[in-house]
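Participant: Quick one: this structure, given as C-alpha cells, is what I'll be asking you about.
The values are calculated or read from the model by the stated rules, or taken from the named source; none is laboratory data. Computed from a predicted model, the values in this text were never measured in an experiment. Here the Cβ positions follow ideal geometry from the backbone for every residue, glycine too, while neighbour counts run over all protein chains shown. Remember, those area values only see protein heavy atoms, side chains included, never the ligands or the DNA or RNA. Shrake-Rupley method; radii C 1.70, N 1.55, O 1.52, S 1.80 Å.
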Amino acid sequence: MHILLKNVKILAPSSPFHGQQKDISIHNGVIQQIANHLEDSHASVISGDNLHVSAGWMDIFSHFCDPGQEHKEDLNSGIQAAAKGGYTTVMVVPNTQPALHTKPQVEYVLSKSRHSVVNVLPIGAATKNLEGTGIAEMYEMHEAGAVAFSDGWKPIQSPGLLLKALQYIKAFNGTLIQLPDDTSISAHGLMNEGIYSTRLGMPGKPALAEELIIQRDLELTKYTDSRLHITGISTRKSVELIARAKAEGIKVTCSVAPYHLSLTEAALMDYDSNFKVNPPLRTDDDVKALQDAVKDGIIDCFATHHLPQDWDAKVLEFEYAKNGMIGLESTFGVLRKHLPEVPLEQLLAMLSEKPRQIFGLTQPAIQEGAVANLTVFNPDQQWTFTEADIASRSKNSAFIGSELKGKPVAVVNNGQLFK
C-alpha cells in the first residue's frame, strides 16, 4: 500500500526532520522518502491545512469489553475508536468476562487484533479472576505478551497481596498499574465528598480514599524496589505524594485522565450520569493542581480511562448508573483546550514517547527506512465534538456538544491508513 502525507510539519525530536515541513512517502508500511514536493499517482494522499505528524500516540488504560460484554465495545469497535482519536497503540484492562488472567486470554486479545491499524496490548490481571485473593500467573502472561499487570477498575485492596505482586514482577522487570481507591472507605460514595455532595444530598467519596492507597502503595513499592504506575490521580495531595516519592527515588510513574484535567464536581449539579466516574470529579483546586503537575512534568502521561457503558447502564437514577466515560475520540481536543500553557511538543511526548518508555516498548522513528507508526493531526482546529465523532459502540461521553481544540486527522500503522 502506498501512502503520501503532503506538506506535514514533523514533530519528533529524535527525527533529523524535526520541525520541518515535508512530504512523507510510505510504501508497504515503511517510510521510503521524506522530502519536498513528492508525487505518487498510486498513493492514498493525506493533505490539508496546518497538518502535523508525530510518532503514533499510545493510551495505557482502556476497556474494550471483549470477551464478555461486546454489546458495550468489542476489539473491532475499540480499534476504530482509538484510530479515530489518533492512537496507534492501546493497552486494554483485564476486566473482561472471563478476565484476562491466564495465558490463553492474553493470546485471544493479541490474535484477534494482530493485523489491525491499532496495536492492542493486553494488561494481565494481577490476581486470579480479579478477585483480589491470590496472585495470577503473571509470568506466563508476560511470556504470552502482557505488557503490564493490574486489576484494572478493581484496585488491589490487600497490602499483603500487593506486596507479593510487586515482588513477583521483579523477576521480569514488570510494572504494576494501580487505580487509587480504598473501597472500604468509598464503598457507597457517588461523587466527591464536599460542599456539592452535601448540596445534592448524595453520599460522598472522600479524597482520603485515593490518598491513603497512594501512600500505602508508595511504601510497598519502596520496600520491594519494584515498579508501580498509578493511574487516574485526581487530587492535589496525590500529586504531592507522588512528587515526593519521585524525589526519593521510588520507581513510581503516574497518569491522569482527561476528565480530571477539565471537569469539576460542579458538573454533577444536573445529576447527569455521564459525569459519574471513579475516582470522581474533584474540586477546582484539584483540577488546577493536576494541570500544574502536567506542566511541571510530575505527571508522566495521559490515560483516557475509556470505559464504554451502554444506554441501560447510564440512563437511570444517578445512584444506580455505572461509573465511566468513553474517551479515546475526544482526548486530544480536551487536552489542547484545557492545557493551553503546555507546549504542543510536551503534550506529544506525553502521548507517545513517555508511555512507551514506562512500559519498555520500542519508540517509533520518523526517518527514511523506519517502520511507519504515525499520527497526523491539526493542533489548532476548533471543532465541536458530536456523536458523529464517536466510533465506539457506546456513547457515554460528557464532552458531546463541547467545543474542542486540536483534531486527529489520520493514523498510519502496520502498513494501514485510517482517516
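Participant: Of N36, I195, L212, whose Cα points farthest to the positive end of the dipole of the chain (charges on the beta-carbon: +1 Lys, Arg; -1 Asp, Glu; origin at the Cα centre)?
Facilitator: Farthest along the dipole direction, towards plus: N36.
Participant: Regarding the chain, what's the average projected area of the Cα-atom convex hull, expressed in nm²? It would help to have the intermediate numbers written out before the result.
Facilitator: On the way: hull surface 74.6 nm².
Result: 18.7 nm².
Participant: Still on this model: Give me the percent of accessible area attributable to carbon and sulfur for region 267-368, probe 1.4 angstrom. Working shown, then result.
Facilitator: Values: 1900 of 3990 Å².
Carbon with sulfur: 48 percent of the solvent-accessible area.
Participant: For the Cα atoms of the chain, what angle does the longest principal axis make with the long axis of helix 103-112, in degrees from 0 to 90, nearest 10?
Facilitator: Helix 103-112 and the main axis of the chain meet at about 40 degrees.
Participant: Now a separate question. How high is the relative contact order of region 277-419, in percent, with contacts defined as C-alpha pairs under 8 Å that are six or more residues apart?
Facilitator: Numbers: 184 pairs, mean separation 37.4, N = 143.
Reported as a whole number, the value is 26 percent.
Participant: In the structure displayed, which of K6/K419; K84/K314; K322/K419 lie more than 20 Å apart, Cα to Cα? Kindly include the intermediate steps, with their values, before the conclusion.
Facilitator: Details: K6/K419 14 Å; K84/K314 23 Å; K322/K419 32 Å.
Exceeds cut-off: K84/K314; K322/K419.
Participant: Excluding residues on the same chain fewer than 8 positions from K170, give the lysines whose Cα lies under 23 Å from its Cα.
Facilitator: Correct list for K170: K103, K128, K154, K222, K246, K251, K354.
Participant: Let me ask another. How large is the dipole of region 43-147 about the Cα centre if only Lys and Arg carry +1 and Asp and Glu carry -1, each at its Cβ, rounded to the nearest 20 debye? Present the calculation step by step, with values, prior to reporting the outcome.
Facilitator: Details: 6 positive and 11 negative charges, 20 e Å.
The dipole of region 43-147 has a size of about 100 debye.
Participant: Given region 36-143, what percent of its DSSP beta bridges are antiparallel, to the nearest 5? Intermediate values should be presented prior to the final figure.
Facilitator: On the way: 1 of 9 bridges.
The antiparallel proportion sits near 10 percent.
Participant: Another question, if that's okay. Calculate, in nm to one decimal, what K295 and E143 gain on full extension: separation in residues at 0.36 nm each, minus their alpha carbon distance. All intermediate terms of the calculation are to be shown ahead of the outcome.
Facilitator: Working: separation 152, 0.36 × 152 = 54.72 nm, distance 3.64 nm.
This chain segment gains 51.1 nm when fully extended.
Participant: For the chain, give the magnitude of the charge dipole about the Cα centre (Cβ charges: +1 Lys/Arg, -1 Asp/Glu; no others), in debye to the nearest 20. Could the numbers behind the result be given before it?
Facilitator: Details: 37 positive and 47 negative charges, 98 e Å.
Roughly 480 debye, rounded to the nearest 20.
Participant: Most fluctuating residue of L335, L241, L130 in a GNM of the chain with Cα springs under 10 Å: which is it?
Facilitator: L241
Participant: Using label points projected 7 Å from each Cα along Cα→Cβ, tell me how many nm separate R244 and A171, to one decimal.
Facilitator: 3.5
Participant: Between I233, I177, I400, where does the largest GNM mean-square fluctuation fall for the chain, given springs only between Cα atoms within less than 10 Å?
Facilitator: Judging by the Gaussian network model, the answer is I400.
Participant: Find which of L339, S255, Q21 sits farthest along the positive direction of the dipole of the chain, computed with +1 on the beta-carbon of Lys and Arg, -1 on that of Asp and Glu, about the Cα centre.
Facilitator: The residue sitting farthest along the positive end of the dipole is Q21.
Participant: Using only Cα atoms, tell me the angle between helix 236-248 and the longest principal axis of the chain; keep it within 0 to 90° and round to the nearest 10.
Facilitator: So the helix axis and the longest Cα principal axis differ by about 70 degrees.
Participant: What residue among Q178, Q357, Q105 has the largest mean-square fluctuation in a Gaussian network model of the chain, using Cα springs under 10 Å?
Facilitator: Comparing Q178, Q357, Q105 in a Gaussian network model of the chain, the most mobile one is Q357.
Participant: Quick one: Cα centre-to-centre distance for region 190-226 and region 54-80, in angstrom?
Facilitator: For region 190-226 versus region 54-80, the Cα centre distance is 27 Å.
Participant: Would you work out which of A126, A245, G360 lies farthest towards the positive end of the dipole of the chain, given +1 charges on the beta-carbon of Lys and Arg and -1 on that of Asp and Glu, about the Cα centre?
Facilitator: The listed residue farthest towards the positive side: G360.
Participant: Rolling a 1.4 angstrom probe over the protein heavy atoms, how many square angstrom per residue are accessible across the chain? Kindly include the intermediate steps, with their values, before the conclusion.
Facilitator: Numbers: 16070 Å² over 419 residues.
Using a 1.4 Å probe on heavy atoms only, each residue of the chain averages 38 Å².
Participant: Taking R0 as 35 Å, what's the FRET efficiency between E319 and Q382 from their Cβ-Cβ distance, rounded to 0.05? Please list the in-between numbers first.
Facilitator: Values: r = 37 Å, r/R0 = 1.06.
Here the calculated transfer efficiency is 0.40.
Participant: So if we plug the beta-carbon distance of Q20 and S402 into 1/(1 + (r/R0)^6) with R0 = 30 Å, what FRET efficiency do we get, rounded to 0.05?
Facilitator: Numbers: r = 33 Å, r/R0 = 1.11.
That gives a FRET efficiency of 0.35.
Participant: If you fit an axis through the alpha-carbon atoms of helix 284-295 and take the longest principal axis of the Cα set of the chain, what angle between them do you get, 0 to 90°, nearest 10?
Facilitator: 40
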